[in-house]
1. Cβ contacts < 8 Å: first residue of a type in the set (Phe, Trp, Tyr), restricted to region 103-116; second residue part of a loop (DSSP other than H, G, I, E, B), any location; separation 6+ or different chain. Result?
2. Name the residues in region 100-119 that are within 18 Å of residue 33 (Cα to Cα) and buried (at least 16 other Cβ atoms within 10 Å of the Cβ), would you?
3. With respect to residue 135, determine if the residue is of a type in the set (A, V, I, L, M), in a helix (DSSP H, G or I) and modelled with pLDDT under 90.
4. Which count do you get for residues in region 34-82 that are β-branched (Val, Ile, Thr) and within 11 Å of residue 98 (Cα to Cα)?
5. Could you say which residue among 93, 81, 68, 25 is within 30 Å of residue 153 (Cβ to Cβ) and of a type in the set (D, E, K, R)?
Amino acid sequence: MIKKLFTLCALILIASPVNAFAHGDITQAIPAADSKVLAAPTEVSIEFDGKLQTLGNATVNSVTVTNDQGAVISQPTSTVDGTKISTKLISPDVTGLVSVHYRIVSEDGHPVEGDYSFTVGKTPMLTSAQSEESAEADAGISEEGGRNMLVTAVGAVLIIGLAFVLVRRRKK
């Protein structure tokens, strides 16, 4: 009986959906990912949902911008200011696809890397601003995720507590 109960508890825990906590999610990028701009910006900046770590003079956070041929068009150093990292472009006369690669260490100590791109050209297409909720929905992100995790954790604690009570009663 006890083995069956523990097996049931284990299966419930394994089958319960649990959202992973993301580290260092982008809240804003200028220029935005997949955007089209008329002229190249003088600076590329990315803001994250948490403060970025800095370790003295060590380079733990960086942004590198390249043109469509893969040549680096940004300064070799990036500037970190709280939740924002930015770099200046050294070649403002760029056109075409521009790629941005970032590597940051979020406040919880996890390194995060990623890429996005934008297009620089003479005839940019108008893009509508997407609301945060619809962008999150497209990405499968939900504010309910934390609540689901809490419900799962409470349920697991209750099941384990019930199993403990049953085991103690059986021994008596």
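The values are calculated or read from the model by the stated rules, or taken from the named source; none is laboratory data. The structure displayed is predicted, hence computed values, not measured ones. Here the Cβ positions follow ideal geometry from the backbone for every residue, glycine too, while neighbour counts run over all protein chains shown.
1. Close Cβ pairs satisfying both conditions: 116/33; 116/34.
2. So in region 100-119, the residues within 18 Å of residue 33 (Cα to Cα) come out as 100-104, 112-119.
Once the filter is applied, which keeps residues that are within 18 Å of residue 33 (Cα to Cα) and buried (at least 16 other Cβ atoms within 10 Å of the Cβ), region 100-119 yields 100, 101, 102, 103, 104, 112, 116, 117, 118, 119.
3. So residue 135 passes the test.
4. Filtering region 34-82 down to residues β-branched (Val, Ile, Thr) leaves 37, 42, 44, 46, 54, 59-60, 63-66, 72-73, 77, 79-80.
Imposing the further condition that a residue be within 11 Å of residue 98 (Cα to Cα) reduces the set to 37, 44, 64-66, 72-73.
Qualifying residue count for the region: 7.
5. Numbers: 93 fails: within 30 Å of residue 153 (Cβ to Cβ); 81 fails: within 30 Å of residue 153 (Cβ to Cβ); 68 fails: within 30 Å of residue 153 (Cβ to Cβ).
Selected residue: 25, the only one of 93, 81, 68, 25 that is within 30 Å of residue 153 (Cβ to Cβ) and of a type in the set (D, E, K, R).
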